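The next block holds one structure in the form of structure tokens; read it before the comments.
The values are calculated or read from the model by the stated rules, or taken from the named source; none is laboratory data. Predicted, not measured: the structure shown is a model, and the values here were computed from it. Cβ coordinates were reconstructed from backbone atoms using ideal geometry, including for glycine residues, and neighbour counts include every protein chain displayed. For accessibility, only protein heavy atoms count, side chains too; no ligands or nucleic acids. Shrake-Rupley method; radii C 1.70, N 1.55, O 1.52, S 1.80 Å.
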Amino acid sequence: MAAAAKSSELAPTPALNIFPSAPIAPVSPYIFSGFLEHLGRCIYGGILPATRTTFPHTSRRPCPADKFVETPRALLTPEGFRADVLEVLRDELRVPLVRWPGGNFVSSYNWKDGVGPREERKRRPELAWGGEESNLFGTDEFIAWCRVAKIEPYIILNMGTGTLEDALHWIEYCNGTGDTHYANLRRKNTGRDEPHNVKYWGLGNEVWGEWQVGQQSASEYGTKARQWAHAIRLVDPFVILVGCGETGLNQWDGVVLDALVDKVDMHSIHLYTGFGPRDRTETKKEYGRSVYGPDAAEYSIEVCKGLINKARFARNVSKPIKIAFDEYGVWDETVGTPENGLEQFYTLADALAMASWLNVLVRQADVVNIACIAQSVNVISPLVTSPTGLFRQTIYWPLFLFSRYMRGGTSLRISLTSPTYSGETLPRWISTIKGAPKDLDASAVLHIDAVTGARSLRIAVVNRSDTEAYEVPIRVAFEEDVAWDVEAHELWHEDVRARNGWGNEDEVSVKTRKEEWDGRWTFRAHSFTLLVLGSS
């Protein structure tokens with residue numbers, strides 16, 4: 001691997017200063033959310049076992065039908081879900097919310113095809129990714145899975161082929177409590193009186209995209225979504241509505257926010273790092289293109305925050321409008337393709353990019369309320385299943401550590417001095433507009449025990465340099481001296497291209513150690529370290 005390019009011989013001396021007296025905001029638990037789409041083996045073979053009924057027709061599949069193996073019933077919950085997948089999402093990653101059913105899939109999805117007796121459900125051509133959709137996993141199955149997984153459902157409405165009437169019926173089906181047709185249909189289908197109580201609803205998916213069924217201009221979408229939002233609140237005034245943005249940087253975002261800022265609660269943006277036009281034969285540049293890419297996400301959030309405030313001012317909206325970063329991740333679209341169900345095996349470099357993504361989300365805690373990694377299983381995912389098991393990809397470990405240690409804390413302002421990277425970024429505008437990316441990337445949160453008042457400081461640091469280790473003094477600006485104990489969780493491998501897989505499931509994994517804290521830490525080249533400092 002080629003050495004990461006340095007901007008000058010006189011690189012600044014690394015230093016990290018943390019300011020507990022300058023809190024940003026509490027870290028929303030919903031930034032650890034997930035995403036399920038009817039794509040590849042996400043639903044059929046991921047959430048549900050693959051069966052000959054659903055396989056191989058649900059998508060362009062990654063393996064031939066003659067190699068098909070059914071999942072043993074011993075690996076299923078009583079409800080028929082994959083128990084191993086559910087346990088990882090619920091108990092290890094503690095995913096709080098999941099977005100469904102898409103994604104591009106939703107723009108031609110008729111929710112009524114996916115309710116009622118399963119043997120009577122209609123098979124449909126799947127227009128977004130190809131193949132056929134069995135509709136064996138629909139609204140009631142999704143809600144049942146969410147209940148077992150202790151996950152909040154977040155449903156995206158079809159603003160492609162769908163109508164406002166379809167949307168109102170779907171919300172009535174999920175949330176209706178009266179003696180009305182679709183509320184009674186839900187009772188008939190589920191055998192339960194209580195509603196599904198779906199609070200979060202998205203007004204379409206990527207309606208701006210030319211690949212989308214039902215693409216619209218920003219002004220067309222703004223007018224339509226405003227009408228939908230008004231009608232939806234007549235059915236259920238308590239829902240939380242998310243408007244469809246683009247990347248946060250684009251004219252679309254400004255036009256849509258101007259139209260919807262008084263009608264929605266959040267604005268959705270999407271971005272992937274590793275995705276974009278480039279010559280992938282230039283292997284010496286690939287590392288830098290991957291690990292420094294999340295800097296684009298931070299700039300997207302900062303610009304989007306300004307667009308939100310501009311729109312709020314124009315319409316005199318006092319309530320805060322948050323960002324739902326409800327599709328994000330590390331995706332090389334030449335590796336995870338529609339032909340293989342978007343299955344991509346991730347390297348250590350990808351894990352470092354994921355850790356930088358999470359640093360961005362923590363640093364932007366004042367405006368980012370939801371973030372959904374795309375996706376939760378098999379499809380450009382931290383988890384990969386076989387019919388009889390699963391393994392955790394490299395990108396699983398940053399998600400696990402952030403969810404375990406950064407959740408529930410207050411994000412703090414930091415000052416970070418670091419050498420910078422002068423190689424090519426993806427997108428290329430990162431270095432020219434936002435500024436040269438730093439080799440070191442960090443975030444910090446403060447936890448205070450509600451009973452004892454004991455303080456715990458958690459510091460996440462990615463050393464994105466592929467060759468240089470950095471010894472970094474870390475100063476915490478408390479008013480009094482604090483004696484700390486430190487527990488370090490480190491993700492590192494000598495080879496940045498190392499990855500996990502069948503037979504080497506733990507090739508890249510976290511190592512934990514405890515040491516005496518002396519106010520500085522050495523971060524190895526191409527590593528991610530999460531330090532937990534507790535007062536003694």
* Would you mind stating whether Ala436 is out of contact with any helix residue (DSSP H, G or I) (no Cβ under 6 Å at 6 or more places or on another chain), open to solvent by 10 Å² or more (accessible area, probe 1.4 Å) and of a type outside the set (Val, Ile, Thr)? => yes
* in a helix (DSSP H, G or I), modelled with pLDDT of 85 or more and either over 18 Å from the mean Cα position of the chain (by Cα) or buried (at least 21 other Cβ atoms within 10 Å of the Cβ) (or both), is that true of Asp113? -> yes
* Which numbered condition trips up Gly138, out of (1) open to solvent by 10 Å² or more (accessible area, probe 1.4 Å); (2) of a type outside the set (Lys, Arg); (3) in contact with a helix residue (DSSP H, G or I) (Cβ under 8 Å, 6 or more places away or on another chain); (4) farther than 21 Å from Pro382 by Cα? -> (1)
* Structure fact -> Going through (1) farther than 24 Å from Val235 by Cα; (2) at pLDDT 95 or above; (3) open to solvent by less than 40 Å² (accessible area, probe 1.4 Å); (4) touching a helix residue (DSSP H, G or I) at 6+ places or on another chain (Cβ under 9 Å) one by one, Ile156 fails only at (1)
* Just checking, which of Glu286, Glu282 is within 15 Å of Val330 (Cα to Cα) and either among the acidic types (Asp, Glu) or touching a His at 6+ places or on another chain (Cβ under 6 Å) (or both)? -> Glu286
* Asked: Considering region 491-504 alone, what residues qualify as being part of a loop (DSSP other than H, G, I, E, B) and surrounded by 13 or more Cβ atoms within 10 Å (Cβ to Cβ)?
  -> His493, Asp495, Val496, Arg497, Ala498, Asn500
* Asked: Can you name the number of the only condition in (1) of a type in the set (A, V, I, L, M, F, W, C); (2) out of contact with any Cys (no Cβ under 6 Å at 6 or more places or on another chain); (3) open to solvent by less than 10 Å² (accessible area, probe 1.4 Å) that Val198 fails?
  -> (2)
* To do: Name, by its number, the condition in (1) closer than 19 Å to Ile430 by Cα; (2) open to solvent by 50 Å² or more (accessible area, probe 1.4 Å); (3) in contact with a Ser or Thr (Cβ under 9 Å, 6 or more places away or on another chain) that does not hold for Ser300.
  => (2)
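Here's the yes/no breakdown for (1) in contact with a Phe, Trp or Tyr (Cβ under 6 Å, 6 or more places away or on another chain); (2) over 22 Å from Pro23 (Cα atoms); (3) open to solvent by 10 Å² or more (accessible area, probe 1.4 Å):
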{"residue": "Phe478", "(1), (2), (3)": "no, no, yes"}
{"residue": "Asp485", "(1), (2), (3)": "no, yes, yes"}
{"residue": "Asp506", "(1), (2), (3)": "no, yes, yes"}
{"residue": "Glu516", "(1), (2), (3)": "no, yes, yes"}
{"residue": "Phe528", "(1), (2), (3)": "no, yes, no"}
* May I ask you to list the residues in region 253-289 that are open to solvent by less than 20 Å² (accessible area, probe 1.4 Å), closer than 22 Å to Ile240 by Cβ, in a loop (DSSP other than H, G, I, E, B) and touching a Leu at 6+ places or on another chain (Cβ under 6 Å)? => Val264
* Any hit, region 325-339, residues being modelled with pLDDT under 95, outside any helix (DSSP H, G or I) and among the acidic types (Asp, Glu) -> yes
